[in-house]
Amino acid sequence: MITPTPWEHAAQALIAFAIDPGALGGIWLRARSGPVRDRFLVALTEALPTQKLSPLADDEQLYGGLDVTATLATLKPVFTTGLITRGGVCVTPMAERIPAELAGRLGAALDSHSLSLVALDEGTEDEGLPAALQDRLAIHLDLDALSFRDCPQIDLSDIKAARARLSTVEIPPETIRHITLLAVQMGITSLRAPVHTLRVARALTAMHGDDETALHWAIRLCLAPRMLTPPPMEDDEQPEDSSPDQQQDNDGDDTNKQQSQTDEDLMLEAAKAILPKDLLASLATFDMNNAASTSGSKSGAKRSGNRRGRRLPSRKGRASSSNRIDLLATLRTAAPWQAPRRKARPKDPRRILIEPSDIHIKRTQDVSDRAIIFAVDASGSTALARLAEAKGAIEILLAEAYSRRDHVALISFRGEGAELLLPPTRSIVQTKRRLAALPGGGGTPLAAGLKTAYEVLDQAARKGMAPTLVILTDGVANIALDGEAGRGKAGEDALEIAKALRIQNAPIILIDTARRQQPLAKDLSNALAARYVPMPRADARRMAGAVSEALT
Amino acid sequence: MKHAFPFSAIVGQDEMKRALILTAIDPSIGGVLVFGDRGTGKSTAVRALAALLPTISAVENCPYNCTGKAPESCPHCMAKLPKSQAKSGKSKVKPANRVVKVPTPVIDLPLGATEDRVVGALDVERALTEGKKVFEPGLLARANRGYLYIDEANLLEDHLVDLLLDVAQSGENLVEREGLSIRHDAKFVLVGSGNPEEGELRPQLLDRFGLSVDVASPTDLDERVEVIKRRDAFDRDSAAFIAEWKAQDDALRKKIIAGQKNVSKVTTPEDILRDCAQLCIALGSDGLRGELTLLRTARAHAAFEGRSEITREDILAIATSALRHRLRRDPLDDAGSTARVERIIADVFA
């Protein structure tokens, strides 16, 4: 069988979805907005009636509710219907922005088959559709690499007939077994994947009449994109690899769970003694003016919402389900107008005459979640022994982060470049696992590490978190941003990016892991306007010194 | 949802199913925490519960699902009583408070639900249009005498989790806001599910759940195939599938009803009490919640199995679920708490 093009994938995906939208749950479509995606969406709207669902939709838009403004104007309760109540196919642009709350609600609606979702994900590698939804959408498509020329119109003429045939399609039990086995071999733990594959196979059999072809397509559309490990080669359905990397974060690599506990405990003990207590907590009091004075856009630290946190004065506003009406303020505003309004409308049965313009809503100031980003220098110069201590130090900080329910992200840089090992998460288990598996050695691409840190920090801030950066390095850079070796250029690059980081105005701690303190780390710390903490050598004498210092 | 997947048709996941059934027999066991991978049937099991559980008698259309036996304690039925009766507190039920059989409520609590929606709040609609101060009951009221289910409980906002556990423990929801003062029964079993990869529940909340269950994808191929086959059959013709499993569901329901009747009669031998205490001491669990839950769950298990006395088998069957989350836990400890609990149980009962 000739390898089909991604667009042929898309065409089959659309056909299957159009035949049985409810059961398939939907399509996770990763593509930039552009003519290719538009062509797909036009075909989709031809096949099925769709409605738009904003990634920021509130409960009122989802479930409907009382339209307070209209109710007040007409004096009769006016209700709106919601997208989930109505059901059908929803198209969500910028699906990577769907917050966990919305994902939860959509997940429940998808489970009941009353709603299906086409999630348009424009996210970069690190952000993406919430895992709860990825799992529930049958088809995963990636159209990013396509050019418009390669995308002919999709033929949707036989959909109706195929829909009618759907209920008569029989899938033999051996096929079910085959799909299940293949999913296991591909390392897909979720049982939703084989169920979806089966549903797609059924829909496509109804279309093509040939269950062999349908099965091939179903495997390509549902299983291949979720693959974590390639199945044994003797299988002719072995689908070509279509970037399975992005899935790895979800279903987890539980295999490397078991590791020797003892060395780590030792490291932990060693590091415990040398780190000042409550380092992270002390950041709360960290003087922000110490950092760069540029105002910079900081959407993270404080958000003015109206649900949680400290109360702010209430303000005029429209009533909706996501707002809470401040009854007292509303009445207070309405009070002086009662006499004139009564005069104007003597027959009104209401005892208090309230108009939409009186409505005040409650506001609160919410301190947002903190995200602690660890950037770990795992290069050879942070000699291996120091790396172990650095890991130990991070573990202590992790325990602190855990008790404060902070998000944690992990970046390592060594050899050629930096790697985001873990995007911000609350799962300490996962962080620790990644940390333990962190290898050391190679050059020090400090600039690349700082650049990745910058990106993660920026993204976290955009998501409304308050990021804090913890850098563990000796400050000795020898790989420049473009991958060239050489101290001079590498150091310059690092300082350059440090400036950009400083403008982000987030608290930064630099833990110097050098054996002997050198000016390099200190310089970097100054460029970052960071708080500088040297990690002393963990020998008994020094430890005792550090402890007694902490006691006085 | 129109049709739920039949409870008895769920393949495997015995520990989770047992935990849910035992809390139906004795709700005082407390909540159930279900942690595990995606697509392992967590939500399916909870949603299947509503169809499985025996019906309860409740006042028709009462948003609090009250029994009608004590209308003075229910804001809805109180309002329907004639004035004189309401004052004297006599509990003669007016015809308006007709008692009917309703399914045990299993209420979904969506993530990000506002506190208003959960505990209830002033009914803004009626306040604005009719000028009346009326309390609009929230999800806690609707879940009374049933189950409250939170998918992804680990992502729920902390202040809501606190509130839920507090109400679940006291069995009463007290609302004092916007000039309202309402007190109503809210006796429900809290079921929380989640995926540990996405964040954990705060440790101080863990042991307020009665039972905790770890679910994993079945590793046996035949079992997996069976899951897919049944799911497929259900998708294709849910009515026929439900009918096919009705007998099993009915039998299970009968067993639950019998268990509910007998649970108060199950006796506890002295040495079983000692076993419970010994287990908890060996685990080093704080407080006496561990022993109490162990005892209640074992009693419910004995009642479910039709025994009149708790035996060691009952303890063995449920100890892991009742104790797994009570270990004094180092958040950074990788070793599975299940393995540790099982080892300790084996040691104590050796």
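Between A:THR85 and A:ARG516, what is the FRET efficiency for a Förster distance of 60 Å, r being their Cβ-Cβ separation, to the nearest 0.05? Can you show the working numbers first?
Details: r = 67 Å, r/R0 = 1.12.
In this case the efficiency is close to 0.35.
Would you list B:ASP347, A:ASP326 from fewest to most Cβ contacts within 10 Å?
Values: B:ASP347 11, A:ASP326 23.
Least crowded to most crowded, the residues run B:ASP347, A:ASP326.
Skipping prolines and chain starts, which residues have an amide H placed within reach, meaning under 5 Å, of the one on A:GLY26, given they are 5 or more residues away or on another chain?
A:LEU117, A:ALA138, A:ILE139
Which of the trypsin sites (Lys or Arg not before Pro) found in segment B:123-226 are in a DSSP loop and have at most 15 neighbouring Cβ atoms, other than their own, within 10 Å? Don't skip to the answer; put the middle values down first.
Details: sites: B:ARG126, B:LYS132, B:LYS133, B:ARG142, B:ARG145, B:ARG177, B:ARG183, B:LYS187, B:ARG208, B:ARG224; in loops: B:LYS132, B:LYS133, B:ARG145, B:LYS187, B:ARG208.
Filter output for segment B:123-226: B:LYS132, B:LYS133.
Kindly provide the Kirkwood hydrodynamic radius of segment B:1-67 in Å, to one decimal, from all pairs of distinct alpha carbon atoms. Before the final figure, lay out the partial values.
Values: mean 1/r = 0.0741 Å⁻¹.
Taking every pair of different Cα atoms in segment B:1-67, averaging 1/r and inverting gives 13.5 Å.
For a quick check: with amide H placed at 1.01 Å from N, whose amide H comes under 5 Å from A:ALA371's, ignoring anything fewer than 5 positions away on the same chain?
Under 5 Å from the amide H of A:ALA371: A:HIS407, A:ALA466, A:THR468.
Segment A:423-497: which GluC sites (Glu not before Pro) are DSSP loop and have at most 14 other beta-carbon atoms within 10 angstrom? Don't skip to the answer; put the middle values down first.
Working: sites: A:GLU455, A:GLU484, A:GLU492, A:GLU496; in loops: A:GLU484.
For GluC sites (Glu not before Pro) across segment A:423-497 that sit outside H, G, I, E and B with at most 14 neighbouring Cβ atoms in 10 Å, the list reads A:GLU484.
Relative contact order (percent) for segment B:264-348, with alpha-carbon contacts under 8 angstrom and 6 or more residues of separation?
Values: 82 pairs, mean separation 30.4, N = 85.
Averaging sequence separation for qualifying contacts and normalising by length gives 36 percent for segment B:264-348.
Checking the table B:LYS69/B:LYS133; A:LYS391/A:LYS463; B:LYS187/B:LYS265; B:LYS101/B:LYS132; A:LYS76/A:LYS343; A:LYS391/A:LYS499 against a 24 Å threshold on Cα-Cα, which pairs fail? Could you put the intermediate results ahead of the total?
Numbers: B:LYS69/B:LYS133 26 Å; A:LYS391/A:LYS463 27 Å; B:LYS187/B:LYS265 22 Å; B:LYS101/B:LYS132 31 Å; A:LYS76/A:LYS343 21 Å; A:LYS391/A:LYS499 27 Å.
Beyond 24 Å between Cα atoms: B:LYS69/B:LYS133; A:LYS391/A:LYS463; B:LYS101/B:LYS132; A:LYS391/A:LYS499.
Between B:ASP347 and A:ASP458, how high is the FRET efficiency from 1/(1 + (r/R0)^6) when r is the Cβ-Cβ distance and R₀ = 45 Å? Nearest 0.05.
On the way: r = 52 Å, r/R0 = 1.16.
It comes out at approximately 0.30.
For segment A:168-221 and segment B:248-262, compute the distance between their C-alpha centroids and round to whole Å.
Answer, in whole Å: 38.
Evaluate the distance, in nm, between pseudo-label points positioned 7 Å from the Cα of B:LYS69 and of A:GLU170 along their respective Cα→Cβ axes.
Placing both labels 7 Å beyond Cα along the Cβ direction yields 5.5 nm.
Convert each backbone phi in segment A:424-437 into a coupling constant with the Karplus relation 6.51 cos²θ - 1.76 cosθ + 1.60 (shift: θ = phi - 60°), then list the ³J(HN,Hα) values in order as whole Hz, x for Gly and Pro.
So the J values, rounded to whole Hz, are x, 9, 9, 7, 6, 4, 5, 4, 5, 4, 5, 5, 5, 7.
Assigning unit charges at the beta carbon (Lys, Arg +1; Asp, Glu -1) and nothing else, what dipole magnitude in debye, to the nearest 20, does segment A:1-93 show about its Cα centre? Mind dumping the intermediate values first?
On the way: 7 positive and 8 negative charges, 38 e Å.
Computed charge dipole of segment A:1-93: roughly 180 debye.
Quote the charge dipole size of segment B:264-348 about the Cα centre in Debye, to the nearest 20; the model charges only the Cβ of Lys and Arg (+1) and of Asp and Glu (-1).
On the way: 13 positive and 14 negative charges, 51 e Å.
Dipole of segment B:264-348, to the nearest 20 debye: 240 debye.
Could you please rank B:VAL99, A:VAL68, placing first whichever residue has the fewest other Cβ atoms within 10 Å of its Cβ?
Values: B:VAL99 15, A:VAL68 23.
Fewest-to-most Cβ neighbours within 10 Å comes out as B:VAL99, A:VAL68.
Nearest 0.05, what FRET efficiency do A:PHE148 and B:HIS159 give at R0 = 60 Å with Cβ-Cβ as r?
On the way: r = 50 Å, r/R0 = 0.83.
Calculated transfer efficiency: 0.75.
Label point 7 Å out from B:ILE182 along Cα-to-Cβ: which residues of segment B:63-79 have amide N under 18 Å?
Within reach of a label on B:ILE182: B:63-68, B:71-79.
Non-local amide H neighbours of A:GLY64 (under 5 Å, H modeled in plane, Pro and chain starts lacking H): which ones?
When sequence neighbours closer than 5 places are left aside, the close amide H contacts are A:GLY82, A:LEU83.
Step through the residues of segment A:206-213 one at a time and calculate ³J(HN,Hα) from phi using the Karplus curve (6.51 cos²θ - 1.76 cosθ + 1.60, θ = phi - 60°), rounding each to whole Hz and writing x for Gly and Pro.
Once rounded to whole Hz, the list reads 4, 7, 8, x, 10, 6, 5, 4.
Values quoted throughout were computed directly from the atomic coordinates according to the rules given, and no laboratory measurement underlies them. All of these numbers come straight from a predicted model, not from anything done at the bench. Methodologically, a virtual Cβ is constructed for each residue, glycine included, from the backbone with ideal geometry; neighbour enumeration extends over all protein chains shown.
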